[in-house]
1. How many of the residues making up region 67-84 are in a helix (DSSP H, G or I) and open to solvent by less than 70 Å² (accessible area, probe 1.4 Å)?
2. Just name the residue that is surrounded by the most Cβ atoms within 10 Å (Cβ to Cβ) out of those in region 127-140 that are in a strand (DSSP E or B) and polar (S, T, N, Q).
3. With the checklist (1) at pLDDT 95 or above; (2) open to solvent by 10 Å² or more (accessible area, probe 1.4 Å) in hand, flag the one item THR99 doesn't pass.
4. Being out of contact with any His (no Cβ under 9 Å at 6 or more places or on another chain), part of a strand (DSSP E or B) and of a type in the set (Asp, Glu) is the filter here, so list the residues in region 143-171 that pass it.
5. Could you look through region 98-126, keep only residues that are of a type in the set (Val, Ile, Thr) and assigned to a strand (DSSP E or B), and pick out the one that is nearest to LYS64 (Cα to Cα)?
6. Quick one: what pairs do we get from region 98-110, first residue under 14 Å from LEU140 (Cα atoms), second of a type in the set (D, E, K, R) and part of a strand (DSSP E or B), C-beta under 6 Å, 6+ apart or different chains?
7. How many residues, within region 55-66, are of a type in the set (A, V, I, L, M, F, W, C), under 22 Å from THR102 (Cβ atoms) and open to solvent by less than 50 Å² (accessible area, probe 1.4 Å)?
Amino acid sequence: DPIKAPTPAKPTDPKAAFASGEKKFKANDYAGALADFEAANAAKSDAPTLRYIALSHDNLNHAKEAVAAYEKFIADPGAAKMKDETEAAKKRVEALKSTPGTVHVVTVPEGASIVLDGGQTPYEKTTPTDISLPPGKHKLLVGAQDYENSNYDVDVEYGSKQEVKIELTKKAAP
């Protein structure tokens with residue numbers, strides 16, 4: 001018996017994958033929709049598919065991926081025929097790029113207070129805590145009783161999550 005060659009995988013039918021993605025999207029299954037739209041896009045890229053990839057990422061709160069996908073959609077020549085959707089995508093990119101990032105501040109010892117960006121009053125919670133900050137550079141002044149204050153610079157990207165760990169130095173005995 002001759003050995004049979006493996007059957008090649010069927011190429012994705014972009015129309016079927018797009019239809020399946022649209023159905024899942026309407027049912028709020030954004031992860032399932034995203035997988036279908038990405039399969040459709042790999043088979044045949046077009047503006048409507050790129051737009052749905054962006055919308056899926058957006059609904060899954062993937063800010064960075066949504067911005068990249070919206071920008072791909074906006075740049076696609078087919079987007080010119082979709083003026084309203086293109087305008088909405090441009091506004092959404094602007095909004096996403098101003099999404100605050102989350103900084104998780106941990107200190108040794110715990111229970112330190114934090115003053116943000118040279119403010120006069122400490123942040124309402126002590127460490128460990130999450131702080132939501134607008135994109136950009138920020139200064140944290142961290143202090144605890146019997147410990148030296150510590151300055152920390154943090155660069156926050158839109159929609160990001162990061163952890164900052166600060167070890168405070170005990171004050172020298174008087």
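The values are calculated or read from the model by the stated rules, or taken from the named source; none is laboratory data. Small disclaimer: the values here were computed from a predicted structure and weren't measured. With ideal geometry, Cβ positions are generated from the backbone for all residues, glycine too; neighbour counts draw on all protein chains shown. Areas reflect the complete protein model, heavy atoms only, side chains present, ligands, DNA and RNA absent. Shrake-Rupley method; radii C 1.70, N 1.55, O 1.52, S 1.80 Å.
1. Qualifying residue count, region 67-84: 9.
2. Among them, the one singled out is THR129.
3. THR99 satisfies all of (1) at pLDDT 95 or above; (2) open to solvent by 10 Å² or more (accessible area, probe 1.4 Å) except (1).
4. Selection gives GLU167 alone.
5. Among those that are of a type in the set (Val, Ile, Thr) and assigned to a strand (DSSP E or B), it is THR102.
6. THR102/ASP130; THR102/LYS161; HIS104/ASP130; HIS104/GLU163; VAL106/LYS165
7. Adding up the residues that qualify gives 2.
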